[in-house]
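In what follows, a structure is listed as structure tokens, so that the remarks can point back to it.
The values are calculated or read from the model by the stated rules, or taken from the named source; none is laboratory data. Only a predicted model underlies this, so the values are computations on that prediction, with no experimental measurement involved. Here the Cβ is made from the backbone with ideal geometry for all residues, glycine too, and neighbour counts use every protein chain on show. Side chains included, ligands, DNA and RNA excluded: accessible areas come from the protein's heavy atoms. Shrake-Rupley method; radii C 1.70, N 1.55, O 1.52, S 1.80 Å.
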Amino acid sequence: MVSYSAYESITLDVDDGVATIEFHRPEVYNALNNEVMLDLSRAFDEIQLNRDIDVVVITGEGEDAFSAGADISQYAGTADEHDPLQRDRQELFYEMYQKPYDCHAPVIAKINGYCVGGGLIFAMYCDLRIAVDDAKFGVPTANIGQIPTGGSTWRAVELVGEAKAKELVYTAGMIDADEAERIGLINHAVPREELDETVDGIVEAVQDTGREAVKNSKRAINGAVRAGSLEGAREQEAEIWWEQFATDERRELVDEFNEGQ
């Protein structure tokens, strides 16, 4: 196992093709401040340089929270006191939220408790979200007189639809894991004692397939989401399909399949 050092608020370990990131601010429910976001940014840069990584798993220390969102102390005061620093901070958050989405490997949010505000936004930009069945989810920005940021309005509508996204934001309310699974916000809600096994099973399943095929499938699916039209999505998909078709991995796996018939 390789452990990357010099992070202040997270850890990054890589073992057998799996990168694990863990938030380490349990005393504040793993809230996201500037330090955390800068650490995360560098961690994903490290991951992006290692193409042997097949899957990334992100979780929070402790049993209370994946992340309870932004550190609200950083928002106190008048707008004049924050300009232009706050504009730069929001740009940093947006860039960070994009990194799991654009990462070459699938990214799994392993949600072990509260997943709120900026923490939920970050989880929404991961590829998969697996949560304990007593987790809570919400976007309570209206409670502090703010609106969601970081491109989260677009991402929320994409995941759960316009009506449900508006309900979550307008009411600043919380939903439980069963409701989050029902509306498509998370993939699975599982008992706490099954969280590790469930995530490990998904990781194993990913690594048992064509690993480059998975990564190129992620590129194709993300491209389809962003294309805005069937024609645009199909054009990019066809290019990625041919890239994958030309790989040794595809040839070897097809041969193995045919030999097994």
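Accessible surface ranking for H24, H82, 1.4 angstrom probe, highest first: H24, H82. With the alpha-carbon atoms of the chain aligned to their principal axes, the span from lowest to highest coordinate is 66, 43, 37 Å, starting with the largest.
Over all directions, the projected convex hull of the C-alpha atoms in the range 163-247 averages 7.8 nm² in area.
With an a/c value of 1.5 or above and a/b not larger than b/c for the gyration tensor axes a ≥ b ≥ c computed over the alpha-carbon atoms, the range 97-138 is described as oblate. DSSP finds beta bridges in the chain, and of those with both partners inside it, around 35 percent are antiparallel. Once the C-beta distance of H82 and E239 is scaled by a Förster radius of 41 Å, the resulting FRET efficiency is 0.45 to the nearest 0.05.
Say R0 is 25 Å: what FRET efficiency, to the nearest 0.05, do Y94 and V2 get from their beta-carbon distance?
Taking R0 as 25 Å, the efficiency between Y94 and V2 is 0.30.
With a simple spin-label model that places each label point 7 Å from the Cα along the Cα-to-Cβ direction, the separation between E162 and D102 comes to 2.8 nm. Of all the options Y125, Y170, Y29, the one that moves most in a Gaussian network model of the chain with Cα springs shorter than 10 angstrom is Y170. Once C-alpha pairs closer than 8 Å and six or more residues apart are averaged by separation and normalised to the residue number of the chain, the relative contact order reads 15 percent. Computed over the range 210-260, the alpha-carbon pair-distance distribution with 5 angstrom bins reads 5, 21, 24, 19, 14, 10, 5, 2, 0, each value a whole percent. With all protein chains kept in place, the per residue accessible area of the chain amounts to 51 square angstrom at a probe of 1.4 angstrom. Cα centroid distance between the range 63-105 and the range 148-203, in Å? The two parts, judged by their Cα centres, are 19 Å apart.
Quick one: net charge around D178, please, counting Lys, Arg +1 and Asp, Glu -1 for every other residue with C-beta under 12 Å from its C-beta. Combined, the nearby Lys, Arg, Asp and Glu give -3.
Around R129, what is the net charge, scoring Lys/Arg as +1 and Asp/Glu as -1 over all other residues with Cβ under 10 Å from its Cβ?
Local net charge: -1.
Loop-located chymotrypsin sites (Phe, Trp or Tyr not before Pro) across the range 203-261 with a Cβ neighbour count of 10 or fewer within 10 Å are lacking, with loop assigned by DSSP. Given +1 at the Cβ of Lys and Arg, -1 at the Cβ of Asp and Glu and no other charges, the dipole of the range 97-187 around its Cα centre is 260 debye to the nearest 20.
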